[in-house]
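**Student:** The structure is given below, and queries will be raised subsequently.
FYI, it's all coordinate maths here, none of it is from the lab. Remember, predicted model here, so these are calculated numbers, not experimental data. Positions of Cβ are generated from backbone atoms using ideal geometry, with glycine treated the same way; all protein chains shown enter the neighbour counts.
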Number of protein chains: 2
Amino acid sequence: MSTPQGARARARIEVTAAIKEEAGRRLAAEGAAKLSLRAVARELGMVSSALYRYFPSRDDLLTALIIDAYDSLGERAEAAHTVVADAGAGPVRRWVAVCEAVRGWALDRPHEYALIYGSPVPGYSAPQSTVPAAARVGLLLIGIVRDAGQGPGLAPLPLPAELRPEAERMAADLAPDLPPETVAALVAAWAQLYGLVGFEVFGQFHRVVEDREPFFRHAVTGLAHGVGLREGG
Amino acid sequence: MSTPQGARARARIEVTAAIKEEAGRRLAAEGAAKLSLRAVARELGMVSSALYRYFPSRDDLLTALIIDAYDSLGERAEAAHTVVADAGAGPVRRWVAVCEAVRGWALDRPHEYALIYGSPVPGYSAPQSTVPAAARVGLLLIGIVRDAGQGPGLAPLPLPAELRPEAERMAADLAPDLPPETVAALVAAWAQLYGLVGFEVFGQFHRVVEDREPFFRHAVTGLAHGVGLREGG
DNA sequence: GCATGGCAAGAGCGGTGCTCTCTTTTTTGT
DNA sequence: ACAAAAAAGAGAGCACCGCTCTTGCCATGC
């Protein structure tokens, strides 16, 4: 039936969604630190204590918003990748497109970006439930490298001996079909990408980099080369 | 005399220092978000309103802590550089030493790291007074590249046409004696360094990278190569 | 048809940043 | 030397916050 649990459960779902929606608005407008349950409740015309029927604490509400943010970012990155992949672009152009999608999303929603990649909310540690959503962009980047195949001579920096065991462990975990040096380079590039995006979103480039789009494109192209991607594929 | 302004000014300096010290302790212990003026005042045996005679607002206290954090980081990086430079190390080893100092400092004082390189405190924008302290690590990295000289053929990625004007502007601002492609690569490496450090400090490498020290060393060695440094150079 | 369980409401606790007033103490100017 | 002025501490108070507990209502499910 269309009312599988009766009108009551239906209302619960709607109220839950309304809370998340309003909380998302306030998050986008003022940031996570200023997100208050009382304000959300006030805006929704309910009393603050009623909100605790839906989210046991402020942190649980934040968790819901975090998962939404990861999903929104992952979706945007995947969409951007699909567009250029369908146009027949090579691996470097696909890599750059994904990076630019991440940057664009972060600049559009700086507070959501801060929520997932900024300082962790104190006393709060992301529950396991955020992991799949959080992994989407990483998987996308791995996929691009996998699709490109790895011609000999295009390999990234050779691994120093001290890193080889860890690189092999990472490769076994993340992409058993890729050589360990590629996986190590990928993980580093992944972190470095968020360094570039974070510096821009958090204002660290203020009065340092002015024309940021070409700068970013150039930097992530360097990242692509670092993991072994070349124009030809 | 030893009391150039009388006992009053002397006391003011001491109380100010005590406030900053206690605030720093609480910051290190619990993070910026949980830093409360009232708690600091309580710990110091004064009433909260008295604290406003020394810091007009919580944000001003945070600003003082931010400057201290930048200085502490800069000092540690400079000390690390001095050690390896005095030992006659080449540019790559000096670069890596500075990066490792940044990482070590961040891991030692995650909350201070979050304060200066994490999500900006909402409604707060760092005043101009933080700029010199914030620039120290960057200047150090520029200095290493400058000292290395730039042999031909070791240059970083050639600049695309769209980035050339901006790269020349950055070079004029930051290091007029270095070629624009080197400066662009330097700024990118600077941001990427903090991506690597931030991911580790903020727990993004949890269950992804386990043996982090060699991984970091390898990644920042790659960064050094990216700006044109080579072992011999 | 009625007991039950989900839900909104309200009061209240302990905490926050910040302001204002009042008093005391020190510095400064004549 | 003494009064005026500046600086500092204390306390009350405002408007918030997260969160808990109790109360009473009302729709739902037996």
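**Student:** Local charge sum around residue A:47 (other residues, Cβ-Cβ under 14 Å, Lys/Arg +1, Asp/Glu -1)?
**Tutor:** The answer is +2.
**Student:** Rounded to the nearest whole Å³, what is the per residue volume of the convex hull around the Cα atoms of chain A?
**Tutor:** Once divided by residue count, the hull of chain A is 175 Å³.
**Student:** Using the 7 Å Cα-to-Cβ label point, sort the distances from residue B:46 to its equivalents in the other copies shortest first and give them in nm to one decimal.
**Tutor:** Ordered by distance, the counterparts are at 4.5 nm.
**Student:** Sorted by mean Cβ packing within 10 Å, highest first, what order do the peptides A:66-73, A:43-50, A:86-93, A:32-39 take?
**Tutor:** Going from most to least packed, we get A:66-73, A:32-39, A:86-93, A:43-50.
**Student:** Among A:144, A:98, A:229, pick out the residue whose Cα is farthest towards the positive end of the charge dipole of chain A, where Lys and Arg carry +1 and Asp and Glu carry -1 on C-beta, about the Cα centre.
**Tutor:** Final value for the positive-end residue is A:98.
**Student:** What does the charge add up to near residue A:216, with Lys and Arg as +1, Asp and Glu as -1, over the other residues with Cβ less than 9 Å from its Cβ?
**Tutor:** After counting each charged neighbour, the total is 0.
**Student:** When the helix-only estimate is applied to chain B (DSSP H runs of n ≥ 4, each -39,500 (n - 2.57), divided by the residue count), what is the mean residue ellipticity at 222 nm, nearest 500 deg cm²/dmol?
**Tutor:** -22500 deg cm²/dmol
**Student:** Taking every residue in A:168-179, how many Cβ atoms of other protein chains lie within 10 Å of its Cβ, on average?
**Tutor:** Taking the mean over all residues of the peptide, I get 1.
**Student:** Could you calculate the contour length gain from residue B:28 to residue B:57, that is, 0.36 nm times the residue separation minus the distance between their Cα atoms, to one decimal place in nm?
**Tutor:** 8.5 nm
**Student:** Other chains' Cβ within 10 Å of B:209-220 residues: what's the mean?
**Tutor:** That average works out to 6.
**Student:** Using the crude model of +1 on Lys and Arg Cβ and -1 on Asp and Glu Cβ, and no other charge, please compute the dipole size for the stretch A:43-136 relative to its Cα centre, in debye to 20.
**Tutor:** 180
**Student:** Another one. For residue B:128, place a label point 7 Å from Cα along the Cα-to-Cβ direction in every copy; what are the distances to the other copies, in nm, shortest first?
**Tutor:** The projected label point of residue B:128 is separated from its counterparts by 5.3 nm.
**Student:** Just which residue of chain A brings its Cβ nearest the axis of rotation onto chain B, and by how many angstrom, rounded whole?
**Tutor:** A:195, 1
**Student:** Still on this structure: Given contacts defined as C-alpha pairs under 8 Å and at least six residues apart, what's the relative contact order of the stretch B:97-225, whole-number percent?
**Tutor:** Contact order relative to length: 30 percent.
**Student:** What does the C-alpha gyration tensor say about the overall shape of the protein assembly as shown? Classify as rounded when a/c is under 1.5, otherwise prolate if a/b is larger than b/c, or oblate.
**Tutor:** Oblate is the answer for the protein assembly as shown, as a/c is 1.5 or above yet b/c matches or exceeds a/b.
**Student:** Assign unit charges at the C-beta atoms only (+1 for Lys and Arg, -1 for Asp and Glu), then state the dipole size of chain A relative to its Cα centre in Debye, rounded to the nearest 20.
**Tutor:** Charge dipole, chain A, about its Cα centre: 740 debye, nearest 20.
**Student:** A follow-up question, please. Residues with beta-carbon under 13 Å from that of residue B:66, excluding residue B:66: net charge, scoring Lys, Arg +1 and Asp, Glu -1?
**Tutor:** That works out to -2.
**Student:** Now for a different question. Testing the spin-label approximation: label points 7 Å from Cα along Cα→Cβ at residue B:174 and residue B:48. State their distance in nm.
**Tutor:** A separation of 4.3 nm, rounded to one decimal place.
**Student:** Can you give the average number of partner chain beta-carbon atoms within 10 Å of each beta-carbon in peptide A:29-38, as a whole number?
**Tutor:** Whole-number average of other-chain Cβ neighbours for A:29-38 is 2.
**Student:** Run the label-point distances for residue A:146 please: 7 Å along Cα to Cβ, every other copy, nanometres, shortest first.
**Tutor:** 4.7
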